[in-house]
Structure formats: structure tokens, C-alpha cells
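The structure appears below as C-alpha cells.
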Amino acid sequence: MDFESPTGLLYHTYNSLFVSLPFHDIAETGTLLAIFAKHCDHGFDNHKTPVQIIEEFWEEYYEKASFEERQNVLFYFIQYIERQVVVFDSVEDALFTEAHEMEGPGSLRHLLSLLNTDGKQERLLQKIQDYSIRLVLTAHPTQFYPGKVLGIINDLSKEIKGNNLQRIRLLLMQLGKTAFVNREKPTPFDEAVSLGWYMENVFFYTLPNILFRLLSSLGQDVTTFQNPHLLTLGFWPGGDRDGNPFVIESTTKLVAERLREAILRGYYREIRILKRRLTFAGTEDCITKAELKIYDTLYKPQGNRYHSCLELIADLLEARQTLIEDHDRLFLEELDLFILRVRVFGFYFASLDIRQDSRKHAEVWAAIVANWANQHPDFDPKKFSEGDEETRINRLLSTPFSIDENDYTDEFVRETIRSFRVIPTIQQQNGEIGCHRYIISNCQNAYNVAEVLALAQLTWSDESKAKSYRLEAQIPLDVVPLFETIEDLANCAAVMDLLYRNAFYKNHLAARANVQTIMLGFSDGTKDGGYLRANWSIYCAKEALTRVSRAHGVSVVFFDGRGGPPGRGGGNNASFYAAHGANIESKAIQVTIQGQTVSSTYGTQDAARFNIERLLSAGLQQSIVPGREKEEMGADAHKLMDELASAAYTAYLELKNHPDFVPYLEKMTPLKWYGDSKIASRPTKRGTDALKFEDLRAIPFVGAWAQMKQNVPGYYGVGSAIASFPQGRRRKLIKDLYKESLFFRTLLENSMQSLSKSNFKVTKYLAEHPDFGDFWKLLETEYVRTNELIREITGEQELLSENPISRSSIKLREDIVLPLITIQQYGLQKLEGGNLSEAEAELYRKMVLRAMFGIINAARNAA
């Protein structure tokens, strides 16, 4: 254990306080756990199996205990370690500003310090006129802390920061009595409410504050600046239907109402504080009127309500004018910040995205075409479906028929129609930006995009208006294709070229300011093609999409589906975006954040400010810092990356196509129990049949490898790719690429995180497994190879030696969680061995499942 770092020292101080709490058996559990941890470490160093390690522990310390007593001890250990992880999280949050250089490189202050010469301020002002960053909160099942525990972490970190021992002790007692496991799976609405905590307590303050500081430093009037959505939020819970049958039209509507209510509550809270300062004649009357109207908007349907945020802003601007003219601008900054907050969040708080799989749209269209054939004798379904893709798109987008849900008996078809019709309802209530995007998962061709646009055209109005929509292209909806698989990423530029050339779609884009958002996802790309191939495919796809979009006069916006760990596109977001060259459109950064990434990266106002500022700086510096073209990838570097990605892809395909790949995941890892964890409303795989690779969802796929401490999706193939370049001049090319390319450096540095969180010692026993021994050795060989070769390329003696904060955090967390990993592997080994009674099998299943929570929470971005 690390006692030298401030974080380690403080953690051990409060962990010892936790041991002293007056709970039954807690002192004994804490003392024995320390002994057990050393026993586990020593056992794995001596190549012992988890069963051997634990049974030897029984013999030495619990020789006379019954089977039930011994198993109870293991569950006490699990519960204790879960709370140790919370203490460590709280300590890290409390020390965040001490451990991070808040005003250093990447901060807003540092960015502004670069503006003193050569017209840089003018270039920056021009850049931010149409630039934007959108952080999109998703409800993907990676957060194993229930909301009540998240609240304790937040409160505990504040008290640790203030060194309030009495309050810390009380919160630790609360922690000891609070359950860590949900009794029931959350609903999509529950997920929205849970994420709402971060929105109301972190983003509500952080986003406008950063924007206010930026605009004020640039001499801009925050009340009239034309791009208040420079920093904004997106939201998926309640709108993401992909693989989640529990998200229906009523859910979407309820979540939209919740978002509107939450932001209005925030405004009401803030205006009451503001009213205490603006007590002057004229100004006070305006603020009081706004306060009462916000209250009525929230709670009195028949009251004197605001119908849009523009009405509220008008009242606030009236107060501002009086303040300037009659009261010496007293407290003007506080009022301006409030006005800016309303301009940023409107009456919607976050834009609610709708998402569905293209295959589901195809099912709906099959039913629609069959219905039209029955209703309209002149409709020829065969002719409608024949011809090349462009012909079929034109037929689809020019059909004279309308769609009525009452014509269908299939509930999924009816629900899909309702899900389209709820969008304009939300726009009317929350404003257009409150729900203006429809994302198509598994988008494979241009026809998939046309299917969604046609559904919107044909469901948003009656038949006469539908025709008008099509001809005038006034559907206020952005249709967003999501390309993820390696094949789809390779073909996506041709897909968009076909759409851009289509007259109907061109008209639609013209009505949307010729802006096309395209989502590129890492999760399924990595699952499909491996870490290096997926990352490089996305980079190349962005270059190709930029070229084709510019050729058609379209401004393309890239929306990145980045999860927490590198295996799902995670890692350092700021470096990722800073590595984009001039050949990639850079008018926006849009990225998903989810699960533990929300709590670990944006869980406090300090952490959110630090990470948002660095994301903003990464995007804006490209326009003002000279010499950044040296970081861009030239033709030679591009060719070298092609070779590396191809070699990595070959290695990963050999692994993915190995006959033991899916059986190993199914039989030897906790994959099958993800659905029992009750952390999310969405099922863990598509379909209900036997487990197939293509049905695996990326989160349990990546999470299962993380549970095994193997983290395959975050590095597999990288070592093989480097090894394919022999020592000498060829190997030197890779070393030069690492020095010269920020993109390649970021890839390897993020992969180091996955390697650093791996520990093949805990599964060494599988090397002797009669069925999976050779497969395990294949995994270990690539792990060792990648570890050694990345250190050779980077010149680091140890992984992450250039990032001591991450390295120290990972080391401490892995030490804390090692006993938990041992217990889970013990349960897996017992279950795999068979010959168990039904009660014993259930006991070990529960053991594996309970250990899952702490292992994931300790990693903070492992799924």
C-alpha cells in the first residue's frame, strides 16, 4: 500500500477510523481483511489458485469454523471492501484541486494567456461564434453505486476537504448502514432521475460559470453573445430505445417533463437568491415578477406562466436596463450570470436524444408497406421495394400515403409511431432544441437514414401536411446515423455522399442550416475490430466524412460514443480531440459520458470544471496556437498507421474467431450475471436465444474482461502490431511516430491504462484448465508482449510513469480490490468445478455477483 502520496496517507487515516466504528464485527472484519489481503498477494505470487488461497486462509485462521461461518466472513469482506472503495473515492475527490494543476496547461486561464499576440484573440472570437461542446449523459449500465451512495460520497468528500472529523465519522456510520445493492432494476425514468443529481448540482453551475469567465475575459456581453450553446448538455435516458423495450413514448414524455421541471426549479432557487441583492426600485419589481411567473410555470397550470425562456429573458433584461441606468450597475455581474444560465439551458436543461436500431425501423416499414398494400389498390409493394438504393430512397421520401397508428395491431409498430409523434410535443413544451435528434444505431446505408426521415414526415402531421413537410423540408429534426462496425466505418463516406446528392435529403439539410451530425461509436467498433483498428478506422472515417461533406457544402459535426475505459473509446478526451488535424472538421465536440465516467470525471464541481476546461481548450487551441500542424499526420504517418492497424486487426480477428472465444466469456467470466446486477433498465444482450458474439452488448463484453483483470478490449493486437515491425529501422519508425503524433501517443497512453489495471496472476490457474488453458495462454502472451513493447516504444521503465497521478491511483485501487478479486475468482472456480448442491451453487453465484460491484467501482472506468 502507498503511504507516501497525500491520497494514500489520507485514505489510510480514514480507513482506520472506519475500523473503529461501533458496528457488529466491523473491527474484526477490518483487521482480518488486512491479513487476508497479504495472504492473497503472497498466494498469487506463489502461483496458487483462488481456492487454494482461501482454503489455506481457513486452515490458518478459521480452522474450527463451520462452512456457513466461513462464507459469512467472505461476504463481510465484500461489504467492507465496497465501503473502502467509497472512502478512497471520497478522498480523491476531496484532494482533487491539490492533485491537479487547476490553472495549468489546458485550463481556461492558460488558454486566455495565449491570446496576447498576433491577433489570436480575434481568431478565438471568430472560432467561438459557431463552435460548441455537447456532453451527452447516457444511462448505460456501468454505474454500480446507487444514488444514495453517490450522495454520501459527495458529502464525505466535502467534509474530508474541511477536515471535519465528527461529520466524517457520522457519514462513515451512515455508509456502514447503507445498502450498496439495488433491490430492483431501475426503470428508465429512475435512471433519468439519478443522472439529474449531477445536472442540478454540478453542470447547472459549472457550464455557465466557465462560459461566463471566457466571454467576460474576451470582452463579450454575455446577454447578447450569439452562441450561448457553446457549452451544452445532451441526454439519453428516456429516449434511448436501442435494445431497451422499457423505453416507450410515455417514458420519453415523462423524462422531458422532468428535465423542464428540474431546470425551472434551479431558476427559482437562483432568482430567490438574486432577489436578496437586487432590492432597488424598478429592478426589484422586475425580479419579483419573474420569480412569481417561474413559480406559476412550475406549479400552477392556470397561473401567469412563462411559455418560453425568451419571455423570462425579456423580463430579466428589463431589470438589467434599470440596474444600469439607475443603480450604478450594482450586482450586474450576478444578474448577467443568471441571464446567461437561462440562455444556456433554456426550458429544456439538456437535449433529449431519441435512438433506435435500424433493424427495428426495417421491421416497422415492412408492416407499413403491407398495410399500404391492403389500403391502397394502386400501391405496388414489389415496385416500392425494387430498384437501386437511390430510387428506393426517392420513393420512400415522396410517398403520398400517411401513417396512422390505429391501422396496426402490432404493438411495437404502434409504439414506434408514437415515439416519433412525441418529438414535436416535447419541442412545443421545452423548445425545439429540447428534442431535435434521432440517432440510428447500426446504420449501414443511406436507406436507413431515409427510413427515419420518412417516418418523421409521415407521423408528424396529417396527410395534407405531410406532403407539405416533404416539399418544403421543414421537419425540425436532425437525423443522425451511427456508424460503429469496421465495415460500416469504411463505407460511411459513400453512404453520406449518396444522401448529400439526393434532392429530398438536400432540401432537408438546407432547412437545418446544412449541418449534418454523424455519430461514430467506439464500443461495437472495438468489439468488432479490436482496439487499434477501431480507433484508426474512426480517425480515417472522420477524414473521409470531412472531405465528402465539404465537397457538398455541408458542415459536418462528429458525435463520439466514448465509454469509460479505452476498450470503449475512453481515456483522455482532451488529448483525443487535440490530436484531430486540419483534415477533420472541428466545429464541435460532442461526446457521450456515462456511468462511472460521470461520477469520476464530472462528479464534483472542481472535477467538472477541470475536465470541461481541458476539453474546451483542446478544441479551441487548434485555431490559435501556431505550429500545431506538426502534430498532424502526414502521408508517411498515415501509411504507417494503416500497417499497424491492419496487423492489430489480423491478431484480433484470430482471437475473436477462436472457437473458445465466446465459450470462455460465457463459462469462465461473470458475463452471464451482468443481467442480475440490477444496475440498469436495459437488457445485457440483444435477442433471447443462445449467446452469440454479435448479440453481445459492448458494456458487459468489456466489463467481463475487466472483472477477470484481463482488459482484452483495451490493448489486444497492439503488441502484435508493434512486433510485426522488426527491430532496427522499421521499429524506429514506430518510435518516431510516437514522438511526432499526438494521436498515436494518446492511443498508447490510453492503452496503458488497460494494461495497468490488468493482473493475469489472479487467473494464472486457468493456464492448466483442460478446455481453456491454451486460450488463456494466448491472452497472457499478448498482454506480456504489449506491455513490453509499449514500454520500449515510449521509453518508460514502468507503465504510466509520465502520469504519476493516474499511476498512483490505479495502484492504490488495485491493492484495495485484490481480496475482492480473489473472492470472485474463488466463486467462479467453485461454480466451474461442478458437483455442487443447489444451495451451494446459489451461494457462489451470489458471491460472484456481489464482488462484481466493488471491482467495477474501484476501477471507476472499467465498463
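The values are calculated or read from the model by the stated rules, or taken from the named source; none is laboratory data. Please read all numbers here as calculations on a predicted model, not as lab measurements. Glycine gets a Cβ as well: all are built from the backbone with ideal geometry, and neighbour counts include every protein chain shown. These accessible areas exclude ligands, DNA and RNA; they are computed on the full protein's heavy atoms, side chains included. Shrake-Rupley method; radii C 1.70, N 1.55, O 1.52, S 1.80 Å.
Structure values in brief
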read-out	value
Amide H within-cut-off set for Arg355, under 5 Å, with H built and near neighbours excluded	Asp240, Arg241, Asp242, Ile439
Three-way shape label, the stretch 143-184, alpha-carbon gyration tensor, a/c 1.5	oblate
The stretch 759-854: C-alpha gyration tensor shape, a/c 1.5 cut-off, then a/b vs b/c	oblate
Whole-Å semi-axes of the chain's equivalent ellipsoid (Cα gyration tensor)	43, 35, 29
Carbon + sulfur, % of accessible area of the stretch 814-863 - ligands and nucleic acids excluded, 1.4 Å	46 percent
Compactness of the stretch 203-322, expressed as Rg and Dmax over alpha-carbon positions, Å	17.2, 57
Built amide H within the under 5 Å cut-off of Asp660, gap 5+	none
Kirkwood Rh and Cα Rg combined as Rg over Rh, evaluated for the stretch 638-677	1.25
Kirkwood Rh and Cα Rg combined as Rg over Rh, evaluated for the stretch 341-464	1.02
Using a Förster distance of 25 Å, the FRET efficiency for Asp326-Arg272 (Cβ separation, nearest 0.05)	0.65
Quarter of Cα convex hull surface for the stretch 580-667, i.e. mean projection, nm²	9.3 nm²
Convex hull volume of the stretch 269-314 per residue (C-alpha atoms, cubic angstrom)	67 Å³
Net charge of neighbours whose Cβ lies under 9 Å from the Cβ of Glu291, counting Lys and Arg as +1 and Asp and Glu as -1	+4
Percent accessible area from carbon and sulfur atoms, the stretch 122-244, protein chains only, probe 1.4 Å	48 percent
The stretch 25-157 - Rg (one decimal) and Dmax (whole number), Cα, Å	25.0, 79
Accessible-area value, Glu798, 1.4 Å probe, nucleic acids and ligands omitted, Å²	100 Å²
Integer Hz, Karplus 6.51/-1.76/1.60 couplings in order for the stretch 442-452, x for Gly and Pro	6, 6, 10, 7, 5, 4, 4, 6, 4, 4, 6
Of every Cα-Cα pair in the stretch 94-167, the percent that sits beyond 17 Å	71 percent
Cα gyration tensor shape for the stretch 122-261, rounded if a/c is under 1.5, else prolate or oblate	oblate
Local net charge near Met668, Cβ-Cβ under 12 Å (Lys/Arg +1, Asp/Glu -1)	-2
Average accessible surface area per residue within the chain, 1.4 Å rolling probe, Å²	39 Å²
Fraction of antiparallel bridges per DSSP, the chain only, in percent to nearest 5	5 percent
